[in-house]
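Here's the structure, in structure tokens; my notes come after.
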Amino acid sequence: MPVVEDLQVGVMFWAGPDPHQTLRDQKALGVRAGQLGIEGDYPLDGAAEKWKRAVADEQFTVVTVFAAYTGESYADMPTVQRTVGFIPPATRQERERRTYEISDFARGIGVGSIALHVGFVPHDPKNDDYIAVRNLVRRIADHAAENGQTFALETGQEPADVLDKFIRDVDRPNLKINFDPANMIMYGTGDPIQALDVLSRNIVSVHCKDGEWPDKSVPNALGVEKPLGQGAVGMDKFIAKLKQFGYKGILGIEREILDKEQKKRDMKMAVELLERLRKQ
Ligand code: MG
């Protein structure tokens, strides 16, 4: 895969049934690199071969394979708590197995990083779920290391210091962070620009996403996602801070709305915005 430039603008995108078409759709937005998301029910049998051929034919660079799991929902805080990542005990084992498959799939297409939402990490290190998830994250990090990969946790569902302590506690050199500034705002877990100071040494990739703080008058509500540059993140400050600490990965635009045409328009606008900011 072609080598990416420092702060190359890219996208977070999801695998469709036809890898070539999925990559052409991303290139139509004006990018040639990205993070490939794999839904929980995406068939992985023979998938690495097809994706390997597609990235070569399309001259596209996949920097991360992102795992999602069947049964996850981001509707509101309690639903996220109940359904996302490794926190729900009932699905922990099957999701662990699936993550090994994702890591092997990523190796098959030559991708050196996997990432996922671990879910709401409990704040108390003596909590049973905390211990179980910490041990599971160690096993996945070790599996990823055997595949020559970093393993990145996405930010947002806990404050920066809780995530930082968790990562220290897991204590694996390839355990890293995929930093999403909008999540920190939408989950109300802290100012993302300040969080960068706490987490910067472990950040291997970022999502460029924007959003509003939660509406405090609605219990358990999440903040609303916004087109890039129209939320509370402050993209200029975010990019300036990334440059300041020497971040060199891609700027992966993420837009999570269902309206496909609107999404395309918003992402094209985001590409233009980031192309301008990265050169400043
Ligand atoms: Mg994200």
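The values are calculated or read from the model by the stated rules, or taken from the named source; none is laboratory data. What you see is a predicted model, and the numbers here were worked out from it, not measured in a lab. Here the Cβ is made from the backbone with ideal geometry for all residues, glycine too, and neighbour counts use every protein chain on show. Keep in mind that these areas ignore ligands, DNA and RNA; they rest on the heavy atoms of the full protein, side chains included. Shrake-Rupley method; radii C 1.70, N 1.55, O 1.52, S 1.80 Å.
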Practice item. State whether the residues of region 96-103 include one that is under 23 Å from Asn183 (Cα atoms), at pLDDT 95 or above and open to solvent by 10 Å² or more (accessible area, probe 1.4 Å). Key: no
Point to revise | Residue tally, condition in a loop (DSSP other than H, G, I, E, B) and either over 24 Å from Ala33 (Cβ atoms) or within 13 Å of the ligand (Cβ to nearest atom) (or both), over region 235-258 | key: 4
Exercise for review: Look at region 105-135 and say how many of its residues are in a helix (DSSP H, G or I) and farther than 30 Å from Phe60 by Cα.
Suggested key: 8
Check your understanding: Pairs under 8 Å by beta carbon, first residue over 18 Å from Gly10 (Cβ atoms) in region 255-280, partner modelled with pLDDT of 95 or more, six or more apart or different chains?
Key -> Ile257/Glu225; Ile257/Lys263; Ile257/Asp266; Gln280/Asp236; Gln280/Ile239; Gln280/Ala240
Exercise for review: Being touching a helix residue (DSSP H, G or I) at 6+ places or on another chain (Cβ under 6 Å) and over 25 Å from Gly223 (Cα atoms) narrows it down to one of Asn147, Asn135, so name that one.
Suggested key: Asn147
Check your understanding: If you scan region 224-234, which residues turn out to be crowded, with 18+ Cβ neighbours inside 10 Å and assigned to a loop (DSSP other than H, G, I, E, B)?
Key -> Pro227, Leu228, Gly229, Gly231, Val233
Practice item. Take region 1-36 and flag every residue that is open to solvent by less than 20 Å² (accessible area, probe 1.4 Å) and touching a residue at least 40 places away in the same chain (Cβ under 8 Å). Key: Leu7, Val9, Gly10, Val11, Met12, Leu29, Val31, Ala33, Gly34, Gln35, Leu36
**Study point:** Residue list for region 168-214, restricted to those being surrounded by fewer than 18 Cβ atoms within 10 Å (Cβ to Cβ), over 21 Å from Ala270 (Cβ atoms) and of a type in the set (A, V, I, L, M, F, W, C)
**Key:** Val198
Exercise for review: Sort out which residues of region 52-89 are within 21 Å of Ile250 (Cα to Cα), open to solvent by less than 40 Å² (accessible area, probe 1.4 Å) and small (Gly, Ala, Ser), and write them in order of number.
Suggested key: Ala54, Ala67, Ala68
Point to revise | Given (1) farther than 28 Å from Arg168 by Cβ; (2) within 16 Å of the ligand (Cβ to nearest atom); (3) assigned to a loop (DSSP other than H, G, I, E, B), number of the condition Ala221 does not satisfy | key: (2)
Review point. Regarding Leu277, is this residue open to solvent by less than 50 Å² (accessible area, probe 1.4 Å) and either within 16 Å of the ligand (Cβ to nearest atom) or within 16 Å of the chain's Cα centre (by Cα) (or both)?
Key: no
Exercise for review: Out of Glu39, Glu49, report the one residue that is in contact with a strand residue (DSSP E or B) (Cβ under 7 Å, 6 or more places away or on another chain) and surrounded by fewer than 16 Cβ atoms within 10 Å (Cβ to Cβ).
Suggested key: Glu39
Check your understanding: Give me the pairs: first residue in region 221-242 and more than 23 Å from Glu261 (Cα to Cα), second residue open to solvent by less than 40 Å² (accessible area, probe 1.4 Å) and in a strand (DSSP E or B), beta-carbon distance under 6 Å, and six or more apart or on different chains, which are they?
Key -> Val233/Asp210
